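**Q** The following block contains the structure, expressed as structure tokens.
The values are calculated or read from the model by the stated rules, or taken from the named source; none is laboratory data. These figures come from a predicted structure and were not determined experimentally. Cβ: placed from backbone, ideal geometry, glycine included. Neighbour counts: every protein chain shown.
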Ligand SMILES: Nc1ncnc2c1ncn2[C@@H]1O[C@H](COP(=O)(O)OP(=O)(O)OP(=O)(O)O)[C@@H](O)[C@H]1O
Ligand SMILES: [Mg+2]
């Protein structure tokens, strides 16, 4: 290749990348999905699952007959003295309805020689109410404790839900921008005969594909910074490991999903086909790959499969870096799993790509 | 001033290059065939030759196979059979070399919505090792005012002009234009004609398809009429019109034409025997006569109708055009 040609080729790559940038930032929709959506999601989920002071359990005391009213009042008084219990007196019908709809977690009924509890053992808050209420009532009625326990209370950053969530959102973001951003853009270009038009010029096909990956890599820091900064400022979610490891992990993930986007769009003639494919592929990963809750909740039998999914590997690597402070060597295996997907999809995409 | 002009005049270098050592024939194809996957035979043994420096027009009704032919010649479609030679080379062996030297405007392309005119041209220019100056190209297609307008804000005509600009920006020696002026207003059409004529003047060759006869007559040195994927006539517009044998067309509507086809054909045949009349057909509800001497033919025709007691409902005459050639050759109008 002569010098002139090499310079021309550089110019072509720069122009292709520039065009991608322009198309990206002039499309308000793509800006939102890339930058706004992860922020909104982290705000909403962060608030929903923020660490609250332990809430009192809600309990009803039921008055079955008028002559039991005095006993019921007595129980209410005992319970009301405890900070851990919120208590109401209700008729049996009201109490049953409240229990059924979850407004109260337990119903206390005075019985001849004590109290009866009505509760639903499948509801965690009912189980909690059962044990707290029993404790308070027993003590109120004169039970002596065997000893006075001491306890120390820990809420450490790193073990909260938001610490778990943020790396998952980073992974999710990398997956959706890669798949949707690239897959959809390519399918649309093909529908509009733009790929055909480009192929009619001396443009190198490799430059064209490269420009997609290049822009993906260049946008990555811009895309991650707001979410990480937000998580750090608002929720105090930090990065334990090095930013270099985090950056490399995110880059491997971004490129893998970008290449998968290329692959899903490599033959499709219209964007609907591509969006169908992407939905089919990404939906299981939303659920199983540990974005919102740990993938270890699934049965052991499917764990090997889940572990091989690219998003699972990426999320594991991101969490290891951000929460546990893992180094590059520690996450290399996970990154390898992810990159393998990328390489396989890349080879297939190049082989199958429909240019005309 | 003169220097500046030379610097911005587009196409000069490539035209010079083209005239030196370039083959005499820009496009040659023989026995071209294309059968689509669904079995449609779009091109069926088509022969074509476009000489250097010539503008060749492909005419034909919708579905005749023009776009298919052009895209095969552009190296964008694989032919099912036949030989193609562009600028003396073949797509299989010299794709890169050829891509540097041809300019393409597809029948329909949607350029990126969010790129401006200038950005789009810069993008296309960047693919070519040598090409035209962006500003000169913008001026050439009169898009200076829209230089910074995004594609999705352009009118249909402006988009079409940008598409042609993208074809020119690589400074090609051979230009393919598939229906470049369809849907344009008269002014934009004339502007594009000037662009094509200027390109030709600088030594470039053009293959264009069109449905407009005036366009073909104005721009094309030669035209090929194709139908059902075959060339059915080739020549200069004048040669084709002359092949009708007469320079005037007379169209006659009678109030009550004979009901049976045989009677109509017989009447047409007897009209054809009148002095000054070259041929005659019944087509589209009227008799269409090709006439070489209008002053002789017209009185004779009127006399013949009166003799048969046929009342004249309408009569018109015009100079023969390529449209008439097409109707004569295929029995169908060019634009259906
Ligand atoms: N991709 C395709 N698959 C199947 N058949 C096709 C395809 N493209 C074109 N055809 C068919 O091939 C024939 C020729 O089409 P072509 O587009 O070449 O015609 P054309 O002369 O350019 O028509 P128009 O004047 O409408 O542009 C038509 O019958 C068309 O339906
Ligand atoms: Mg066509």
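**Q** Could you say which residue among A:229, A:254 is part of a helix (DSSP H, G or I) and crowded, with 20+ Cβ neighbours inside 10 Å? Working first, answer last.
**A** On the way: A:229 fails: crowded, with 20+ Cβ neighbours inside 10 Å.
Only one candidate passes the filter, namely A:254.
**Q** Among the residues of segment B:24-31, is there at least one that is at pLDDT below 90 and more than 16 Å from ligand 1 (Cβ to nearest atom)?
**A** So in segment B:24-31, the residues at pLDDT below 90 come out as B:24-25.
Filter again for more than 16 Å from ligand 1 (Cβ to nearest atom), leaving B:24-25.
Within segment B:24-31, one or more residues are at pLDDT below 90 and more than 16 Å from ligand 1 (Cβ to nearest atom).
**Q** Related question: Return the only residue of B:170, B:183 being touching a helix residue (DSSP H, G or I) at 6+ places or on another chain (Cβ under 6 Å) and either more than 16 Å from ligand 2 (Cβ to nearest atom) or assigned to a loop (DSSP other than H, G, I, E, B) (or both).
**A** Numbers: B:170 fails: touching a helix residue (DSSP H, G or I) at 6+ places or on another chain (Cβ under 6 Å).
Answer to the selection: B:183.
**Q** Same structure, new question: Checking residue B:36 against (1) within 9 Å of ligand 1 (Cβ to nearest atom); (2) at positive phi, which single condition isn't satisfied?
**A** For residue B:36, the failing item is (2).
**Q** Of all residues in segment B:247-294, how many are surrounded by fewer than 19 Cβ atoms within 10 Å (Cβ to Cβ) and in a loop (DSSP other than H, G, I, E, B)?
**A** Total meeting the criteria: 14.
**Q** Right, here's the next one. Identify the single condition in (1) modelled with pLDDT of 85 or more; (2) in contact with a strand residue (DSSP E or B) (Cβ under 9 Å, 6 or more places away or on another chain); (3) more than 23 Å from residue A:142 (Cβ to Cβ) that residue A:100 does not satisfy, given that it satisfies every other one.
**A** The single condition residue A:100 does not satisfy is (2).
**Q** Residues being within 16 Å of ligand 1 (Cβ to nearest atom) and within 12 Å of residue B:164 (Cβ to Cβ): count how many of those fall in segment B:175-199.
**A** Here is the first cut: in segment B:175-199, the residues within 16 Å of ligand 1 (Cβ to nearest atom) are B:176-184.
Checking which are within 12 Å of residue B:164 (Cβ to Cβ) leaves us with B:176-181, B:184.
Number of matching residues: 7.
For (1) farther than 14 Å from residue B:171 by Cβ; (2) within 25 Å of the chain's Cα centre (by Cα); (3) more than 7 Å from chain A (Cβ to nearest Cβ); (4) without any contact (Cβ under 8 Å) to a residue 24 or more places away in the chain, each residue gets a yes or a no:
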site	(1), (2), (3), (4)
B:88	yes, yes, yes, no
B:97	yes, no, yes, yes
B:103	no, yes, yes, no
B:106	yes, yes, no, no
B:120	yes, no, yes, no
B:129	no, no, no, no
B:144	yes, no, yes, yes
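**Q** Residue B:246: closer than 30 Å to residue B:44 by Cα and in contact with a strand residue (DSSP E or B) (Cβ under 7 Å, 6 or more places away or on another chain), yes or no? Show your work before the answer.
**A** Working: closer than 30 Å to residue B:44 by Cα: no; in contact with a strand residue (DSSP E or B) (Cβ under 7 Å, 6 or more places away or on another chain): yes.
No.
**Q** Then there is this: Take the residues in segment B:30-44 that are within 13 Å of residue B:68 (Cβ to Cβ), away from chain A (no Cβ under 14 Å) and part of a strand (DSSP E or B), then tell me which one is nearest to ligand 2 (Cβ to nearest atom).
**A** B:42
**Q** Oh, and also: Where residues in segment B:45-55 are more than 16 Å from ligand 1 (Cβ to nearest atom) and under 22 Å from residue B:80 (Cα atoms), which of them is farthest from the chain's Cα centre (by Cα)?
**A** We begin by selecting, within segment B:45-55, every residue more than 16 Å from ligand 1 (Cβ to nearest atom); these are B:47, B:49-55.
After this cut, where a residue has to be under 22 Å from residue B:80 (Cα atoms) as well, the list is B:47, B:49-50.
Details: B:47: 16, B:49: 14, B:50: 13 Å.
Per the criteria, the residue is B:47.
**Q** Taking interchain pairs and intrachain pairs at least six residues apart, which have beta carbon atoms under 8 angstrom, with the first residue in segment B:209-238 and within 14 Å of chain A (Cβ to nearest Cβ) and the second within 16 Å of ligand 1 (Cβ to nearest atom) and part of a loop (DSSP other than H, G, I, E, B)?
**A** none
**Q** Another question, then. Looking at the structure I just gave you, is residue A:241 in the same structural domain as residue A:166 (by TED's automatic domain parsing), crowded, with 20+ Cβ neighbours inside 10 Å and under 19 Å from the mean Cα position of the chain (by Cα)? Give the steps one after another, and end with the answer.
**A** Numbers: in the same structural domain as residue A:166 (by TED's automatic domain parsing): yes; crowded, with 20+ Cβ neighbours inside 10 Å: yes; under 19 Å from the mean Cα position of the chain (by Cα): no.
No; evaluated as a whole, the condition is false for this residue.
**Q** Can you tell me which residue within segment A:11-31, out of those that are out of contact with any helix residue (DSSP H, G or I) (no Cβ under 9 Å at 6 or more places or on another chain) and surrounded by 12 or more Cβ atoms within 10 Å (Cβ to Cβ), is farthest from the other protein chains (Cβ to nearest Cβ)?
**A** From segment A:11-31, those out of contact with any helix residue (DSSP H, G or I) (no Cβ under 9 Å at 6 or more places or on another chain) are A:26-29; that's our starting set.
So of that shortlist, the ones also surrounded by 12 or more Cβ atoms within 10 Å (Cβ to Cβ) come out as A:26-27.
Numbers: A:26: 4, A:27: 6 Å.
Top of the filtered list is A:27.
**Q** Hey, another quick one. Scan segment A:314-322 and give yes if some residue there is in contact with a helix residue (DSSP H, G or I) (Cβ under 7 Å, 6 or more places away or on another chain), in a helix (DSSP H, G or I) and more than 25 Å from residue A:242 (Cβ to Cβ), otherwise no.
**A** No, there is no match, as no residue in segment A:314-322 is in contact with a helix residue (DSSP H, G or I) (Cβ under 7 Å, 6 or more places away or on another chain), in a helix (DSSP H, G or I) and more than 25 Å from residue A:242 (Cβ to Cβ).
**Q** So how many residues does segment B:56-80 have that are within 19 Å of residue B:328 (Cα to Cα) and within 10 Å of ligand 1 (Cβ to nearest atom)?
**A** Filtering segment B:56-80 for residues within 19 Å of residue B:328 (Cα to Cα) gives B:57-64.
Those still in the list that are within 10 Å of ligand 1 (Cβ to nearest atom) too: B:58-64.
Looking only at that region, the number is 7.
**Q** Condition check: within 16 Å of ligand 2 (Cβ to nearest atom), assigned by TED's automatic domain parsing to the domain that holds residue B:152 and either in a loop (DSSP other than H, G, I, E, B) or under 30 Å from residue B:146 (Cα atoms) (or both). Does residue B:104 satisfy that?
**A** Values: within 16 Å of ligand 2 (Cβ to nearest atom): yes; assigned by TED's automatic domain parsing to the domain that holds residue B:152: yes; either in a loop (DSSP other than H, G, I, E, B) or under 30 Å from residue B:146 (Cα atoms) (or both): yes.
Yes, satisfied.
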